[in-house]
Amino acid sequence: MDGALRKRDKLRMVANRTVADILDVGALKPGFVSTDILETGQIGYVVTGLKEIEGCRVGDTMTLTSAHDVVPLEGYKEVRPMVFAGIFPQEGDNFEELRDAMQRLKLNDSSLTYEPEQSPALGFGFRAGFLGMLHLEILKERLEREFDLSLVVTVPSVAYHLYVRGSDEMTLIKSPIDLPDAGHIERVEEPWAKLDIITPVEFIGSIMTFAQERHGTYKNTEYLSEGRAILKYEIPLSSLIVDFYDKLKGMSSGYASMNYEVFEYRPADIVRMDILVAEEPVEALATFVYRDNAHGAGKRIVNSLKESIPKQQFVIKLQATVGGKVVAGDKISALRKDVTAKLYGGDVTRKRKLLEKQKKGKKKMMAMGKGKVQIPSEAYLNVLKR
């Protein structure tokens, strides 16, 4: 590695092939001190006219446009988002504020990717890509704390490879709503990760049972000492996102830690699960599930919604469906006003008439379309927890 950078030189990023003018160079002493030249061995900064952060990735190699056959420094690897989720403002009028906030965060987080998305249920928002669940949680926290936004974050998912019948072309699927009907699908492939779990030996049994429940494939165990070991697994990335780390910490009293790296895609029997509230599909709650786990996943989501959605003046049906078939369901009973409280006597006929009138009123309200349910943001967040 050798060379020097000067003001007004033409700069080129080797991996990105981005070209820019050098507006200023300087050294860190420790503040920013402008100089005429930045040479090999100095710690400094370069100011360019780049308008987009994508043009300058962390770890890329800088050179001059006049230099040819430059070999980039080893170790550069372009980061790829592995977890995707929809981010929507709770108030539709706040979309522009959300757009501005995402653009500002993007300026100092080159690993963040996002694109506009429209949902019939949630309005305008963004489909964002993250390096992992911690990355998602940090971004959500910053949006709410620094920009004073109230958000709805949809169920996180990974990116799947989709192959449709009659075509060899691969399509990257980031959202459950993009998955076509089962009759058109040739196969779906999901990302797998190599997982290392470092744990005290007394927790090995419970952790191995937990990893097996999450479709993990055990490879081997390495002992670091008499009291600590590394459990090595291959596991679907979808099993790691959301709450794997939290569960691992809980069952190990906080002593276990983990590290993972995505290494390949494998075929998977993945289906889309739709959630209906009061017989209306809630797009934000649609999720990918394994076919053999559809009932369990549906029951968990339905139970979570039942605890989170407040009672209404009518019965609320909660259903989880796969391919139009109900795999799990429950009901939230109606909030009942005591219409017989004003009766003093024991006339059962009068009491029955009042109850029948109340029942007809609720049916009429549903028929007039006033039976729509407002789902609180807490309900969406509770669904994220297994």
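Data table
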item	result
Length-normalised contact order for the range 161-268 - Cα pairs under 8 Å, 6+ apart - percent	34 percent
Cα centroid separation, the range 178-232 to the range 235-272 (Å)	6 Å
Two-site FRET efficiency, Asn293 against Asp196, from Cβ-Cβ distance with R₀ of 22 Å, rounded to 0.05	0.30
(1) 68, 46, 41; (2) 99, 54, 50; (3) 99, 75, 43, with the label sought being that of the calculated Cα extents along the principal axes in Å	(2)
Under 15 Å from Lys174, Cα to Cα: aspartates and glutamates that are on another chain or at least 8 residues apart	Glu115, Glu117, Glu189, Glu190, Glu283
Full-stretch length increase - Gln374, Arg80 - with 0.36 nm per residue and alpha-carbon distance subtracted	102.3 nm
Estimated inter-spin distance, Glu264 and Thr40, nm [label 7 Å along Cα→Cβ]	4.2 nm
Value of relative contact order over the range 83-153, rounded to a whole percent, pairs C-alpha under 8 Å and six or more apart	45 percent
Mean Cα-pair separation over length for the chain, i.e. relative contact order, pairs under 8 Å, 6 or more apart, %	11 percent
Integer Hz, Karplus 6.51/-1.76/1.60 couplings in order for the range 143-153, x for Gly and Pro	4, 6, 7, 7, 10, 6, 10, 9, 10, 10, 10
Separation of the Arg214 and Ile230 label points, Cα + 7 Å toward Cβ, nm	1.8 nm
For Leu122, distant residues with modelled amide H under 5 Å away	none
Among Gly296, Gly324, Gly86: highest mean-square fluctuation, GNM of the chain, C-alpha pairs under 10 Å	Gly324
Of Lys325/Lys353; Lys325/Lys357; Lys247/Lys299; Lys194/Lys249; Lys232/Lys325, pairs whose Cα-Cα distance is over 28 Å	Lys325/Lys353; Lys325/Lys357; Lys232/Lys325
Pairwise label distance in nanometres, Asn108 with Leu50, each label 7 Å out on the Cα-Cβ vector	1.7 nm
Extension gain from Arg17 to Phe95, taking 0.36 nm per residue of separation minus the Cα-Cα distance	24.7 nm
Calculated FRET efficiency for the pair Thr349/Asn382, C-beta based, R₀ 51 Å, to 0.05	0.70
Structure-based [θ]222 nm, the chain - -39500 (n - 2.57) summed over DSSP H runs of at least 4, per residue, nearest 500	-7500 deg cm²/dmol
Within a Gaussian network of the chain (alpha carbon springs, distance under 10 Å), most fluctuating of Pro156, Pro72, Pro310	Pro72
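Bear in mind these aren't lab numbers, they're just calculated from the coordinates by the rules spelled out. On a predicted model such as this, the values are computed, not experimentally measured, just so you know. No Cβ is skipped: glycine too gets one built from the backbone with ideal geometry, and neighbour counts run over all protein chains shown.
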